[in-house]
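For reference, the structure is listed below as structure tokens.
The values are calculated or read from the model by the stated rules, or taken from the named source; none is laboratory data. Keep in mind it's a predicted model, so treat the numbers as computed, not measured. Methodologically, a virtual Cβ is constructed for each residue, glycine included, from the backbone with ideal geometry; neighbour enumeration extends over all protein chains shown.
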Amino acid sequence: MGRVVSVHSSRGGTGKSLISVNLAVICAKRGRNVSLLDLDFRAPTLSTVFREREYRFVEHWTNDFLSGRCPIEKVMIDLTEKYDTKGRFLVGLANPSLDAIREMITVDREREMEALRRLLALKRVLLDEMEMDYAIYDTSPGIQYSSVNAVASSDVSVVVTTLDTLDAEGVRYMLSELYDAFGKKSVILVNKAFPEAHPRPGEKKEGLLQQMEATFHRPVLGIIPCYCDILQADRTTIFALENPNHPFTRALRDIAERLELVSPPP
Amino acid sequence: MTAALEKVKEALNRISSKIDRLIEMDERILQHFPETRGPRREGRAPEFGGALDVMTLLSLPDHLRKSAMVVCEANGGATADEVAERTGRARAVESGYLNQLVMMGHLTKKRKGRRVYFHVAR
């Protein structure tokens, strides 16, 4: 049986969506069957990345699945051929329209309870029936219904943080108040680290890694430096595919390998 | 040593059976005195504290959250035995926690033959 991985952070702007998209494609390129779902209903972003050609034809969104309007099979778009991945690569997009965002943030507790029930049941459908090795949930930051639903229904959470004290404090709070509360496995991924914080090839990297593991008491999947060219890159394309030899892509490949160690698929 | 363990096992089985009988008795009493059934007893979620959404789950004490999550994940309800197997706790203890969640209006229970199934209250 595969694994459901939620990508979460305490605050916005840590790079969750960039990491979710690139990690998902890298895993699919490595031969894993991967489903990537946008569960960030307040600020949907995956539709921007994957909208080229497909966008106009999207009839069903992850919003529709959570609201009980359609099964997940209608939401998932098969992009295996488009990105020429070895494993299957499916994507579920969240509706970026204002009406859809308003609908998702104004639902009552009963509807949120239904959404949780659907997400818990979704795991079996994605991993057993659709034979996915990984289902990757791109979530909204912090503690709100959509992100907590995603964390509660996943097997492992990748918590993306920067070295900013505000981010780190938020992560520490979430680790004790959220992940521990649901008994969920969580791992840390440090993104946008200062270049001097990242070791050069051949240099020992235990220092910062150990420091991070001591701070969060969790395994650290990796430390990715901040790259200006990523900020300038076209976000409607997938960076790792466009720049296979970029240090960011190489770092994510290492992270994909480590993810398999901390949360191995079959 | 083995004999002592056997005795403990027998005692635990007796306690478990007694708790089962008490639960059945409780159900029968409620059937005869429907006026004692509040909205929570009928399985309807009360206006506050009923719906088992994630924020409510987070507000529960750890021991109850663990039981509630197992019932949430079980499609079609779960018995105290099934929940106990997942949480690794004694059946009698689990039964107590599940009934507490019923009293709080988060779960309902339905009897099917000899087995009692716990469901998320809707």
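Annotations for the structure displayed:
- A:Gly31 fulfils the conditions (1) loosely packed, with under 14 Cβ neighbours inside 10 Å; (2) assigned to a strand (DSSP E or B) except for a single criterion, (2).
- In the stretch B:73-82, the residues that are within 14 Å of chain A (Cβ to nearest Cβ) and among the hydrophobic types (A, V, I, L, M, F, W, C): B:Ala74, B:Ala78
- Criterion (touching a Cys at 6+ places or on another chain (Cβ under 6 Å) and not acidic (Asp, Glu)) met by exactly one of A:Val34, A:Val21: A:Val34
Listed here are the residues, each with its yes/no results for (1) more than 14 Å from chain A (Cβ to nearest Cβ); (2) touching a residue at least 12 places away in the same chain (Cβ under 8 Å).
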residue	(1), (2)
B:Ala84	yes, no
B:Gly88	no, no
B:Arg91	yes, yes
B:Glu94	yes, yes
B:Gly105	no, yes
B:Thr108	no, yes
B:Arg111	yes, yes
B:Val116	yes, yes
B:Arg122	no, yes
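- Pick from the stretch B:61-86, criterion assigned to a loop (DSSP other than H, G, I, E, B) and touching a Lys or Arg at 6+ places or on another chain (Cβ under 9 Å), ranking: modelled with the highest pLDDT: B:Thr79
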